[in-house]
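Here the structure is laid out as structure tokens; the discussion comes afterwards.
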Number of protein chains: 2
Amino acid sequence: MATTSERPLRKDAERNRQRVLDAARELFAERGLGVSLDDIARHAGVGVGTVYRRFPDKEQLIDALFEERIGEMLSAAGKSLEMPDPWLALVRFLERALEMQAEDRGLKELLLSTSEAHARIERARLQIQPLVAVVLERAQQAGVVRADLVVADLLLLQHAIGEVADYTREVAPEVWRRTLVIALDGLRPDRRRTSPMPCPPLDDEEIVCSMRDWGARRRR
Amino acid sequence: MATTSERPLRKDAERNRQRVLDAARELFAERGLGVSLDDIARHAGVGVGTVYRRFPDKEQLIDALFEERIGEMLSAAGKSLEMPDPWLALVRFLERALEMQAEDRGLKELLLSTSEAHARIERARLQIQPLVAVVLERAQQAGVVRADLVVADLLLLQHAIGEVADYTREVAPEVWRRTLVIALDGLRPDRRRTSPMPCPPLDDEEIVCSMRDWGARRRR
DNA sequence: CACAAATGGAGCAGTTCCCTCCACTTGGAG
DNA sequence: CTCCAAGTGGAGGGAACTGCTCCATTTGTG
């Protein structure tokens, strides 16, 4: 991928490179982009030196890892545009985008912050936005989404619900879908009924666990 | 307040104590509970020693500051119960709770994390929850809120929208109200129209600023 | 087998944080 | 006014991080 036509790496080196990539993917997904390269090295079972030789800085490692994932996001938006029903298109896009964020904290952080450092990713984001705009406009013109909505509102909604996913990840990783259902019902211009809830709510014990996890993470 | 019937502080000492309290209130509100006591001292214009003599540890300082604010939250829930219209009661409570969180990051963090260390605050939270439950049940029995909702969902909603407030605080401190309107419209069992948006949406430039701020804060 | 390529992890420099300590200043009782 | 306990400021110690370098050693391979 980033093997820029140099002489190929020695076999063991290539294997280690892959290990680092795997470890990084895993750690970024579960702890966010804040993890240190030392952590990644330990988790990959190689020395820090090895990591730094292969990826001069963290930015490059992140770039290498997330280009693909952001591509997926783009294709999700594209697929939505092909769906005949404008409402379902919007729903599916939000659902898919949030599923990806719920599974991968690093991705979420990357999507929500402007990262001067990651030019490639920045570019990808700029491609996604107009697609989303079209999905939204189409739904509005069909009269299935409130007219006073703007793409930025969808971004905020994503942030909001993504945060719920983060909050409850360890304890009830699907609960964010309830919050999404509420939000989606709030996007319609009018409706007779509520949409069905996709999963049971957080129980008391789960609430306490979420709070504890979140506090601990924050203190770290 | 915490002057437990000891001999009163010397006049200058009392003045400094107040300065520390003021500085802490301000910093906690704008940067969250993570600020260091050293920071607070600098901001208060006193030495760190002074801070530590008066507040042996951060927990105590936080306790002293936030008991009052959590009390306000409790009374907000109480006032909601006195309102005749069950829907407006719920709306007002969520609105008020979120206003408080939007103005005070520290408060938000305290509300969302279980803090074994802050027994008093823990107790206050336990008093609020049943009140909210009653507000919700009343609205459900009146048929103005979807029946499949649970108090935990309201908590998540609060977290979600509070996060929006955090995200946009510097740039458009009222935008979270739009997200709240969407969520509220999603809580109704059925409806003919959408509620009016209370403020203009984020424009493109504001989006970029929010992203930058958020990324910077996270990196710090 | 020889030797370049690759390795691991001790260790350095830089932060940031909490907190202690003590030589100095100051309020206010007598 | 005098004097001393109360109060002060902030240097600095210790601990926990971070990103990153360096080099004696091991390993793959022509």
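Charges only on Cβ, +1 for Lys and Arg, -1 for Asp and Glu: so what's the dipole of the stretch B:51-178 about the Cα centre, in debye to the nearest 20?
Numbers: 17 positive and 22 negative charges, 26 e Å.
Its charge dipole is roughly 120 debye.
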Label-point separation in nm, B:Glu103 to A:Glu68, each point 7 Å along Cα→Cβ: 5.0
Provide a whole-number value for the mean count of partner chain Cβ atoms within 10 Å of the Cβ atoms in peptide B:188-198. 4
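For a test of the definition: using alpha carbon positions, the gyration tensor, and the 1.5 limit on a/c, classify the protein assembly as shown as rounded, prolate or oblate.
Details: a/c = 2.01, a/b = 1.11, b/c = 1.81.
Here the protein assembly as shown falls in the oblate category.
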When you take every Cα atom in the stretch B:1-114, what is the radius of gyration, and what is Dmax, the widest Cα pair distance, in Å? 16.8, 53
Cleavage-rule hits, GluC sites (Glu not before Pro), the stretch B:86-127, DSSP coil, Cβ neighbours within 10 Å at most 13: B:Glu116
Lys/Arg Cβ at +1, Asp/Glu Cβ at -1, dipole of the stretch B:128-217 taken about the Cα centre: which of B:Gly143, B:Gln129, B:Leu154 is farthest positive-ward? B:Gly143
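Suppose R0 equals 56 Å; then what is the FRET efficiency for B:Ser75 and A:Gln18 from their Cβ-Cβ distance, rounded to the nearest 0.05? Mind dumping the intermediate values first?
Details: r = 59 Å, r/R0 = 1.05.
With R0 = 56 Å, the Cβ-Cβ based efficiency is 0.45.
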Quick one: of A:Lys11/A:Lys79; A:Lys11/A:Lys58; A:Lys79/A:Lys108, which pairs are farther than 31 Å apart, Cα to Cα? A:Lys11/A:Lys79
Other protein chain Cβ atoms within 10 Å, averaged over every residue that makes up B:203-210: 3
Based on Cβ point charges of +1 for Lys and Arg and -1 for Asp and Glu, what charge dipole magnitude is obtained for chain A about its Cα centre, in debye rounded to the nearest 20? 400
Over the C-alpha atoms of the stretch A:133-220, what are the Rg and the largest Cα-to-Cα span, Dmax, in Å? 15.8, 48
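Helices from chain A with mean Kyte-Doolittle at least -1.0 and a Cα length along the axis of 24 Å or more, per DSSP H: which? All intermediate terms of the calculation are to be shown ahead of the outcome.
Values: long enough: A:11-31 (30 Å, -1.39); A:58-82 (36 Å, -0.20); A:86-103 (26 Å, 0.22); A:119-141 (34 Å, -0.02); A:151-168 (26 Å, 0.77).
Span-like helices, by this rule, are A:58-82, A:86-103, A:119-141, A:151-168.
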Check: C-alpha center the stretch A:101-169 vs C-alpha center the stretch A:38-81, spacing in Å is 20
Please work out the FRET efficiency for the pair B:Arg7 and B:Gln141, using the Cβ-Cβ distance as r and a Förster radius of 51 Å; give the result to the nearest 0.05. 0.40
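Any number yet on Rg/Rh for the stretch B:80-211, C-alpha, Kirkwood?
Numbers: Rg = 15.7 Å, Rh = 15.9 Å.
Rg/Rh for the stretch B:80-211 comes to 0.99.
Can you show me the helix-derived [θ] at 222 nm for chain A, built from DSSP H runs with n ≥ 4 at -39,500 (n - 2.57) apiece and divided by the number of residues, rounded to the nearest 500.
Details: 10 runs with 156 residues, N = 220.
Computed mean residue ellipticity for chain A: -23500 deg cm²/dmol.
Just so you know, all these numbers are worked out from the coordinates, no wet-lab data involved. Treat the numbers as computed from the prediction; the structure is a model and nothing was measured. Glycine also receives a Cβ, built like all others from the backbone with ideal geometry; neighbour counts cover every protein chain displayed.
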